[in-house]
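Below: the structure, in C-alpha cells.
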Amino acid sequence: MKRIFYDFSITHIVGRKKINLFFLKKIAVISLLLTALFGAIIYFCFLPKKVTFPKREYHYAICSTHTSEAAASEKSEQVRAQGGAGFVIFDQAYLVAVFVYPEKSFAQRVVQNLGGDAFVYTARRESVTLKAKNSVHAQTIGGTNGVIEYAIEQIYLTLISLEKSETTTSVVKNTVFSCSQKIKSLNKKLGKIRKKYLGTDVENLIINCERISTFFEVAYANSGELKLVLCKVAQIFINFTNKTEIV
C-alpha cells in the first residue's frame, strides 16, 4: 500500500502534489479584503453618526409692536382681515408680522411700503449637530432639513405667484397637499426610530416635524390660513431641535 505523508508547511506535499503558492496568497488577500469590508460595514452602518443642520434665517415684516398680548392679538386679527398673516412673535415685546420671507431684501421692501414703525425681524438658527445611532438613522434625521425647507420654499413661491395673479388657489392647494404628503412620508420613517431618542434633541425634531405636518393639513383645508401657517412653520423650523410653544 502506498504511504501518504502529511506535512503542514506552506509547501507541504500530499502524495507528491504541491499546493500552488499563488493560490494560497490569493486566498490570504481575499481574506484581508473581506475583513476590511466587514469592518467598513460595521463602521458605516452601526456606529454613531453626526448629523449637522446648517445655519438658516427667515425674515418677518413686522407692522406693529405691543407691550400686551391682548393688543397684539387685536392687531393680528386686523392684519388677517386685510390679507396678511397676523402672526404674533414674542421677543421682549409682542410683534405682529404681516408675512415671512426667505430673503431679507423682500421683507425690507414690504416694510418700506408699510411705513411708520414697521421693521424687519430676523429669526436665526445657528448650525446644529445631532447624534444619530447609526448611518441609517442619520440619513433619515438629516433628510428632515431638506424636506421642510423645500416645503416652505415651494409654498412661499406659490403664494407670491397668487398675489401677482400668476397662479390660482387650486394650484396653491395642490402644492400644499404635495408638500404635506412628503412630510407625512418622512414622519412615518421618523416614527420608527423615535423610541431610541426619547428625551433628546432628535425627539424634539421629530415632534416638530409632526406639528409642521399638522399645520400644513389645516392649511390645505383652509387656504386662507396659509400665510399664518407658513409663518408658524418657519418659526418652528428655526427652532427645529428645541421644544416650541407655537400653536
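Every number in this text was worked out from the coordinates using simple rules, so none of it is lab data. Model, not experiment: these values are computed from the prediction. Don't worry about glycine lacking a Cβ; one is built from the backbone with ideal geometry, like all the others, and counts go over all protein chains shown.
The table below gives the values:
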| item | result |
| --- | --- |
| Cα-centre dipole for the range 108-247 with unit charges at Cβ (Lys and Arg positive, Asp and Glu negative), debye to 20 | 700 |
| Coil-residue trypsin sites (Lys or Arg not before Pro) of the range 115-171, DSSP, other Cβ within 10 Å capped at 14 | K164 |
| Counted charge near P102, where neighbours are those whose Cβ lies closer than 10 Å (Asp, Glu -1; Lys, Arg +1) | -2 |
| For the range 57-124, convex hull of alpha carbons as volume per residue, Å³ | 70 |
| Gyration tensor over alpha-carbon atoms, the range 70-228, equivalent ellipsoid semi-axes in Å | 31, 20, 15 |
| Sorted by Cβ neighbour density within 10 Å, fewest at the top, the residues S105, S213 | S105, S213 |
| Listed residues S68, A81, Q108: farthest to the positive end of the dipole of the range 57-124 (Cβ charges) | Q108 |
| Per-residue Cβ neighbour rank within 10 angstrom, fewest leading, I148, I89 | I89, I148 |
| All lysines inside 28 Å of K173 as judged from Cα atoms, apart from same-chain residues fewer than 8 positions distant | K75, K104, K164, K182, K184, K188, K189, K227, K232 |
| Rg/Rh for the range 134-238, where both radii come from Cα atoms and Rh is the Kirkwood radius | 1.02 |
